[in-house]
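Have a look at the structure below before the remarks.
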Protein chains: 2
Amino acid sequence: MPRRLPSSFRRRLRRLFPDDRLVTDPALLRAYECDALTHFRSPPLAVAFPETTGEVQETVRAAVAAGVPLTARGAGTCLSGGAIAADGGILLETSRMRRILEIDAENRRARVQPGVVNARLSRAAAPFGLLYAPDPSSQTVSTIGGNVAENAGGPHCLAQGVTSQHVLAVEIVTGTGERVTLGSPLEETEELDLRGLFIGSEGTLGIATEITCRLVPRPESVETLLASYGSLPDACRAVARVIAAGIVPSALEVLDERTIRAVEGEKGEAGYPLDAAAVLLVEVDGPEARVASEARAVEEHLAKERPLRVERAVDDAHRARLWKGRKGAFGAMGRQAPDLYLQDAVVPRSRLPEVIEAISAICTRHEVTVANVFHAGDGNLHPILCYDSRHPGELERVLAASAEIVRVCLEAGGTLSGEHGIGIEKRDHMPELLGAQELRAMGHVRSAFDPTGLMNPGKLLPTPGACAELRAAGRGAR
Amino acid sequence: MPRRLPSSFRRRLRRLFPDDRLVTDPALLRAYECDALTHFRSPPLAVAFPETTGEVQETVRAAVAAGVPLTARGAGTCLSGGAIAADGGILLETSRMRRILEIDAENRRARVQPGVVNARLSRAAAPFGLLYAPDPSSQTVSTIGGNVAENAGGPHCLAQGVTSQHVLAVEIVTGTGERVTLGSPLEETEELDLRGLFIGSEGTLGIATEITCRLVPRPESVETLLASYGSLPDACRAVARVIAAGIVPSALEVLDERTIRAVEGEKGEAGYPLDAAAVLLVEVDGPEARVASEARAVEEHLAKERPLRVERAVDDAHRARLWKGRKGAFGAMGRQAPDLYLQDAVVPRSRLPEVIEAISAICTRHEVTVANVFHAGDGNLHPILCYDSRHPGELERVLAASAEIVRVCLEAGGTLSGEHGIGIEKRDHMPELLGAQELRAMGHVRSAFDPTGLMNPGKLLPTPGACAELRAAGRGAR
């Protein structure tokens, strides 16, 4: 790929975008060289800030004509490198496409531009008693467009489901510059589900330019419980009991000892007990009478695994305090180490305790500090690997440990990612998960939307070269 | 298309299938000329009964080599003509692929062959306290493979979601004879969602040969309520109240006056009140304490729209009686008229009353008797049009009324089908719902799986010819 944009394309961009919506100064472009997966870096050759679907179409057509790769970027909070420009490519930044176009309270849906920040949609829906359910930890900054690209989840997605369950329709611009609407504002449709296909496709099929979201009623009542345990397996067994009883809490989160210490380290703001090896945060919400009875049932199940303590939030301030530890876990770990690598994998719920133990052993062997925070209800692990990139060899050790963690999760019948996406980070692990024929099918489908392969190339799917090798290798692990 | 199979292909079939698994006798083939959409008929030139994925692969490869179209068929209960052979084509009947391969109770999933009957899976899961949630009215005969093809729903899919939410992975044979696994047994995956794409694709992308289903816990407790109202809009308003309160019952069904009379006509087995203009059947299920409080809340909401009567099932026999009316509605209407045409469309819940009224006016104008049974919770209408095909002109009047009903639903912001699929029935309405670019995108995706277009051609998507006209016409309604 050329390290400079073709001059005709550069001129085309200048005609399309005024100066305040186009960045080409190399010094400024450095700010866009990575997303939240900070150890991959690739500065774009330009960043354009479209305001309309038409501008996105024009840019895609121009990029395709010039053979320039193109990556859409929301807030850049992607943890798998999905929002990094390809070598020789440009970024389309969606922060100027931030209008909430419609809130249809009666039919409980909203139409938004892709750059609308997740939490802002819920705030806008609040006066109607509604909210947008998926709540990634990044929700105060991450955009709905980025959430769609990564099929984002969050602590409250256990009962509610991830982004794919909350996006009814997406208008996209394909890799040929066509404007296509996938899905329909109605909950049920019987067409070919291109909407579901697009969600989580990480920009490889096209760019979302308008999104119709489902809104859900704000729960009438919420109960939040914190149980602390003397061992992590005890906490996992308590999770299993709740699930086995047919209760689906809105959230079911586990934090391990190291995370508790980090969270409580400075000001002890969440009030998590320092003698616990694990805390389990459980939330149930819904109509008042149901929540009351469910909270009682949860409490009984938690009690059966000999907790050190069970605490129930008495009011919203108390609830906010209990959540503060969970929501601040990543930040707290960041105060312990200059660099963090946040992993993401899913294993069958029943294998959680052994996998956590294996992760701990791997990290000990590689002399890497690890803390565990996880969505226990659906087996979605988030080991946080701590390191200092200034120390030679530390990043390498972290990456080696990380690759082993991925392998252990796959061997336990798990998958590569729960909610952070594949991106650049795990692209080359895909052949461990999928066979050559599966990857080929994905490649064919991708080509149906993006025949030139210029839409966010190098993300999600192994490169064609890797695919060819695969074909020789014959098959994958599944 | 030739009205005879190429003789080389015929020989190939004979080598692949023993005599008892291949039907070629024209007299016997008549039994396969239609599915439950009885006014479309097209006898296949052969019916093969594969037992293994390998046999499906061989058949697909042979059919493609010979240019013979191929349609998979489960129990033939499809209401949109999806299981009818194409002109000059053959059927692959899945009734010999009826093994339940695995029930993994701990991780709540089952692996089945496509010919397994829906209700049989739930029976097999019962000893583990589990069930397969989607419950199409056809569930005692329809197959999981057919349910996947049509993304089937059912009365209890309001809270639980339709087939797509309950199928974790599908092994398919593509239109090139490749065996590909879509999705993964885990609940969360972050790959390109080819699984979701396949579900509801009506055989146009390939043939499902193995399906991994999610199982859910049998509810600890169930409460069933029947409220009768003096007018249909009252019943609809009661539905709106329940939904607005944030309650998601497991089922929320409305039957109109004509249906009530038909159901009660002979033996009055369901005990629906004959003075009612509509009955509303509501079921809530889950953990005991929650169900008790939710049933009370539902009862209060139902009471606010001046019901003639509200009845609560006191035991399972009583519950079965209340459901008997709903489940037997189609059969009861069948005793009123020799032929029925069961429509299926979805409109925004808020537009239900006016759309029902419009349907009634359309049918009066065309002198067609109509009864309405509908999944009110999600706006999924099922007008039942009654006719006698022996009377010249009756079918034509029904089809004219039906086309107008579809148009009224689309104009109300609705869609073509809630759960019966597009098939042959509504294929030519697709351009009213989707624009040329949307249909083109679907065509491209289809070609990625089935480059020769021999997999169930003529279903779901308008034919290439129609598509070309569309391109000229420019755009659709949305």
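The values are calculated or read from the model by the stated rules, or taken from the named source; none is laboratory data. Fair warning: this is a prediction, and the values are worked out from it, not measured in the lab. Here the Cβ positions follow ideal geometry from the backbone for every residue, glycine too, while neighbour counts run over all protein chains shown. Side chains included, ligands, DNA and RNA excluded: accessible areas come from the protein's heavy atoms. Shrake-Rupley method; radii C 1.70, N 1.55, O 1.52, S 1.80 Å.
A compact table of results
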read-out: Qualifying positions in the range B:441-455 - more than 8 Å from chain A (Cβ to nearest Cβ) and in a helix (DSSP H, G or I); value: B:G443
read-out: Among (1) open to solvent by less than 40 Å² (accessible area, probe 1.4 Å); (2) within 14 Å of another protein chain (Cβ to nearest Cβ) - the single one B:F128 does not satisfy; value: (1)
read-out: Residue that is least open to solvent (accessible area, probe 1.4 Å), among those in the range A:410-427 that are more than 8 Å from chain B (Cβ to nearest Cβ) and over 22 Å from A:A358 (Cα atoms); value: A:G423
read-out: Flag for A:R41 being surrounded by fewer than 19 Cβ atoms within 10 Å (Cβ to Cβ), touching an Asp or Glu at 6+ places or on another chain (Cβ under 6 Å) and not aromatic (F, W, Y); value: yes
read-out: Residue match in the range B:312-324 (condition: within 14 Å of chain A (Cβ to nearest Cβ) and among the hydrophobic types (A, V, I, L, M, F, W, C)); value: no
read-out: Members of the range B:60-113 found to be of a type in the set (S, T, N, Q), without any contact (Cβ under 8 Å) to a residue 60 or more places away in the chain and surrounded by fewer than 21 Cβ atoms within 10 Å (Cβ to Cβ), listed by number; value: B:S95
read-out: Number of the condition not met by A:L192 [criteria: (1) crowded, with 24+ Cβ neighbours inside 10 Å; (2) of a type outside the set (G, A, S); (3) more than 7 Å from chain B (Cβ to nearest Cβ)]; value: (3)
read-out: So B:S137, is it surrounded by fewer than 24 Cβ atoms within 10 Å (Cβ to Cβ) and at the interface with chain A (Cβ under 10 Å from one of its Cβ atoms); value: no
read-out: Subset of the range A:428-440 that is farther than 15 Å from B:D193 by Cβ and part of a helix (DSSP H, G or I) - its residue that is farthest from the other protein chains (Cβ to nearest Cβ); value: A:D428
read-out: Helices (runs of 4 or more DSSP H) (entirely within the range A:298-408) containing at least 2 residues that are farther than 25 Å from A:G230 by Cβ and more than 25 Å from the chain's Cα centre (by Cα); value: A:316-327
read-out: Check on B:V398, open to solvent by 10 Å² or more (accessible area, probe 1.4 Å), among the β-branched types (V, I, T) and without any contact (Cβ under 8 Å) to a residue 60 or more places away in the chain; value: no
read-out: Subset of the range A:338-361 [farther than 20 Å from A:L252 by Cα and either within 14 Å of chain B (Cβ to nearest Cβ) or open to solvent by less than 10 Å² (accessible area, probe 1.4 Å) (or both)]; value: A:I359
read-out: Yes/no for B:F9 being in contact with a Cys (Cβ under 8 Å, 6 or more places away or on another chain) and either assigned to a loop (DSSP other than H, G, I, E, B) or in contact (Cβ under 8 Å) with a residue 12 or more places away in the chain (or both); value: no
read-out: Residue satisfying all of: in the range A:204-246; modelled with pLDDT of 95 or more and among the acidic types (D, E); nearest to the chain's Cα centre (by Cα) among these; value: A:E210
read-out: Answer from A:E178, A:E171 - the residue that is within 20 Å of A:L454 (Cα to Cα), touching a Ser or Thr at 6+ places or on another chain (Cβ under 6 Å) and charged (D, E, K, R); value: A:E171
read-out: Hits in the range A:390-421 - residues which are touching a Pro at 6+ places or on another chain (Cβ under 7 Å) and on the phi > 0 side of the Ramachandran plot; value: A:G413
read-out: Odd one out for B:A119 among (1) within 14 Å of chain A (Cβ to nearest Cβ); (2) over 24 Å from B:T204 (Cβ atoms); value: (1)
read-out: Residue within the range B:229-237 that is touching a residue at least 60 places away in the same chain (Cβ under 8 Å), more than 9 Å from chain A (Cβ to nearest Cβ), in contact with a Gly (Cβ under 6 Å, 6 or more places away or on another chain) and surrounded by 21 or more Cβ atoms within 10 Å (Cβ to Cβ) present; value: no
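So that you can scan it fast, the table gives a plain yes or no per residue for (1) surrounded by fewer than 14 Cβ atoms within 10 Å (Cβ to Cβ); (2) closer than 27 Å to A:I384 by Cβ; (3) of a type in the set (D, E, K, R):
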| site | (1), (2), (3) |
| --- | --- |
| A:I260 | no, yes, no |
| A:A270 | no, yes, no |
| A:G286 | no, no, no |
| A:R290 | no, no, yes |
| A:K304 | yes, no, yes |
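Yes or no, residue by residue, for (1) surrounded by 24 or more Cβ atoms within 10 Å (Cβ to Cβ); (2) part of a helix (DSSP H, G or I); (3) touching a residue at least 60 places away in the same chain (Cβ under 8 Å):
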site	(1), (2), (3)
B:G146	yes, yes, yes
B:A159	no, yes, yes
B:A169	no, no, no
B:T176	no, no, yes
B:L182	yes, no, no
B:L186	no, no, no
